[in-house]
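These notes concern the structure reproduced below.
Each value in this text was obtained by applying a stated rule to the coordinates, not by laboratory testing. Owing to the predicted nature of the structure, the values given are computational and were not obtained by experimental measurement. Because the Cβ atoms are built from the backbone with ideal geometry, glycine has one as well, and the counts that use them run over all protein chains shown.
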Amino acid sequence: MDQGQTPLLATLVEHNQGCPLPFHVPGHKGGRMVRDDLLDLWGPSVFTYDVTEVGNFDDLHAPDGAIARAQELAAQAVGAAHTFFLTAGSTAGLLAALLAVSAPGDKVLVPRNAHRSVLAGMVLSGAQPVFIWPPLDCDMDVAGPLALETVEHALSRHPDARVMVLMHPTYFGCVGETQAIIALAKERGMCVVVDEAHGAHFPFSSHFPASSLTMGADVVVQSWHKTLGALTGGAMLHCTGRGKEMLGRIRAFLRMVHTSSPSYLTLVSLDVARSHAATAPQSRWRRVKEYYGQLRDILDGVTGVSVYPGVISAQDPIKLVVKTNDFSARALARELAKAHSIHPELATEDVCLLVLGAGDKDLLSASELGRSIHEAARQARRDNKRKGRFDASWLWERPSAVMKPRDAALSPSEWVPLSEASGRICAELVAMYPPGSAVLCPGEVLDVKTADVIGNMLAENYRFHGVGPPPEYRIAVVSKDRT
Ligand SMILES: Cc1ncc(COP(=O)(O)O)c(C=O)c1O
């Protein structure tokens, strides 16, 4: 197949050449029903290309035309047997994958730092999560990838687990023993689903860590909008190995959880991003790695900061994790934004995460970015921006689970102030956002210390999903008559 082809883009361009009069949805009618200021700002083409499933545009949920061809090209580009395009992010893919591979009561091994969509998938399917706890870097409150030994231990205690979910890489770009863990799961006949949301670029170059698609994973979900050129929400679900046998089930569940009006802007951006990535010279990806390496060297000489992790081979060079030693990394991020217009992806008290990419040298050279980080760090230290005093590592203590996530989430619930919620069973996932990993899952009991840490973090303006507004910060708990 010719990876230079972009069948979805071609169909759209051909359609628009005929100056079509849209007597169909969307209601903006190619921009005719849009306020002038927005039309001026965005230009008319956004609206003329925002079409829907009419004419030759194929149907995402039963494709046999341009979408089918675009998906085949994507599958070939990454080495999958089949690929589904998604316009509702990896979230939709992970929900459908969990529904397809696990039945009510099935044990699913899952890293505790899994994204909330993985846990939501288990609420929907009724599966029983068996959490595997990744190592926590206590200096930074950042969880690393799972260790093989921990997985072996979990499997010896739960030999009846049928499904393994892995995250490759972590939100912070770390990769671990994914290959060996998948091999172990396969030996046991388990189905392996990999959340590769942050690794869509992995299949395209050896300058990046290997994709789990090459390691025997069955279902792999990637957010192409995170590290490649797709519009926000553009993602793909790939099936290989045993995933091929589940195509029908996955398709059926995608029809349930995914919109029936997919954005063609996003679909076309996936088609073009695939062609762009698959035909790129290796020099494009090599430059990302070089840029990352240059930044590491520059930041080595900056007082008060270091780059995490120490071992480069375990790190995706698209994620630059800057650790601050004696001042708040949130102050560094604020200073970068205020004085340098540089907006990082995330900052906690200890780390500031910057997402790099193939076009970065056009944004800023590595030496300019390094200099800005240097100046921002010096300013934050001069302002004596100390780290917050709470110990977030407590959020990694193992809460006791007394109900299955599905049972707790579907039980009658009430919203109670955080200060009164200790001892109650959570009915909704509580997750710090970003990155979206669970602090408490439905069915787990909130204890006094955890409520205290969450309260302190909220006071420091950390954002949580599953917690109401101040001053009470109510959380959903299972009603007492149900416990
Ligand atoms: C590890 C991980 N998995 C899945 C998702 C969900 O991806 P999306 O935003 O494409 O729905 C995210 C989002 O941040 C994530 O960090």
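Which residues does the label zone of ASN56 cover in region 1-19, counting backbone N under 17 Å from a point 7 Å along Cα→Cβ?
Under 17 Å, as judged by backbone N against the label point of ASN56, lie 5-19 of region 1-19.
Per q in 0.12, 0.14, 0.28 1/Å, what log10 I(q)/I(0) does a Debye calculation on the alpha-carbon atoms of region 224-295 return?
Log10 I(q)/I(0), no solvent term: -0.49, -0.63, -1.19.
Please rank ILE312, ILE373, fewest neighbouring Cβ atoms within 10 Å first, as an exposure proxy. Can you show the working numbers first?
Working: ILE312 12, ILE373 25.
Ascending number of Cβ neighbours within 10 Å: ILE312, ILE373.
What distance in nm lies between label points placed 7 Å from Cα along the C-beta direction at THR303 and SER479?
For the pair THR303/SER479, the computed spacing is 6.2 nm.
FRET efficiency for LYS29 and VAL272, Cβ-Cβ distance as r, R0 = 35 Å, nearest 0.05? It would help to have the intermediate numbers written out before the result.
Numbers: r = 25 Å, r/R0 = 0.71.
It comes out at approximately 0.90.
With only Lys, Arg, Asp and Glu charged, each at its Cβ (+1 for the first two, -1 for the last two), find how big the charge dipole of the chain is about the Cα centre; round to the nearest 20 debye.
Working: 46 positive and 51 negative charges, 49 e Å.
Value, rounded to 20: 240 debye.
Under Stokes-Einstein, with the Kirkwood radius over Cα pairs standing in for Rh, what whole-number D in µm²/s applies to region 282-382 at 4 °C and 1.567 mPa s?
Details: Rh = 13.4 Å.
Roughly 97 µm²/s, to the nearest whole number.
Kindly provide the helix-only [θ] at 222 nm of the chain, computed as the sum of -39,500 (n - 2.57) over DSSP H runs of four or more divided by all residues, to the nearest 500 deg cm²/dmol? Numbers along the way, then the final one.
Numbers: 17 runs with 179 residues, N = 483.
Using -39500 (n - 2.57) per qualifying helix, the result is -11000 deg cm²/dmol.
For the chain, give the share of DSSP beta bridges that are antiparallel, in percent and rounded to the nearest 5; count only bridges with both residues there.
On the way: 37 of 52 bridges.
That works out to approximately 70 percent antiparallel.
Where in region 431-456 does the label zone of TRP133 land, with the point 7 angstrom along Cα→C-beta and an amide N cut-off under 19 Å?
Of the residues in region 431-456, 431-432, 437-454 have backbone N under 19 Å from the label point off TRP133.
Based on alpha-carbon centroids, what's the gap between region 336-358 and region 272-295 in Å, whole number please?
With region 336-358 and region 272-295 each reduced to a Cα centre, they are spaced 21 Å.
Using alpha carbons only, how many angstrom separate the centre of region 68-109 from the centre of region 296-334?
Using only Cα atoms, the two centres lie 34 Å from each other.
For the chain, what is Rg from Cα atoms divided by 2.2 N^0.38 Å, rounded to two decimals? Don't skip to the answer; put the middle values down first.
Details: Rg = 23.2 Å, N = 483, 2.2 N^0.38 = 23.0 Å.
In units of the globular-protein estimate, the chain measures up at 1.01.
Need the list of lysines near LYS404 for cross-linking: C-alpha distance under 29 angstrom, and skip anything on the same chain fewer than eight residues off.
Straight-line reach from LYS404, under 29 Å: LYS107, LYS186, LYS449, LYS480.
Suppose each label sits 7 Å from its Cα in the direction of the beta carbon; what would the VAL355-SER400 distance come out to in nanometres?
About 4.0 nm, to one decimal.
Could you pull the Rg and Dmax for region 392-482, using just the Cα atoms, both in Å?
Final numbers for Rg and Dmax: 11.8, 35 Å.
R0 = 22 Å: FRET efficiency of SER156 with ALA180, Cβ-based, nearest 0.05? Write out the running numbers ahead of the final one.
On the way: r = 16 Å, r/R0 = 0.72.
The pair SER156/ALA180 has a calculated efficiency of 0.90.
Picking from ALA217, THR170, LEU109, whose Cα lies most toward the positive end of the charge dipole for region 58-217 (charges on Cβ: Lys, Arg +1; Asp, Glu -1)?
So the residue furthest toward the plus end is LEU109.
Would you mind calculating the gained length between ARG382 and ALA81 on full extension (0.36 nm times residue separation, minus the Cα-Cα distance), in nm to one decimal? Display every interim value, and only then the final one.
Working: separation 301, 0.36 × 301 = 108.36 nm, distance 5.53 nm.
Roughly 102.8 nm would be gained on extension.
Once you put a point 7 Å from the Cα of GLU72 and another 7 Å from the Cα of ARG371, both along the Cβ direction, what distance in nm separates them?
Calculated label separation equals 5.2 nm.
So in region 7-278, what percent of DSSP beta bridges are antiparallel if you round to the nearest 5? Could you put the intermediate results ahead of the total?
Values: 12 of 27 bridges.
Roughly 45 percent of the DSSP beta bridges within region 7-278 come out antiparallel.
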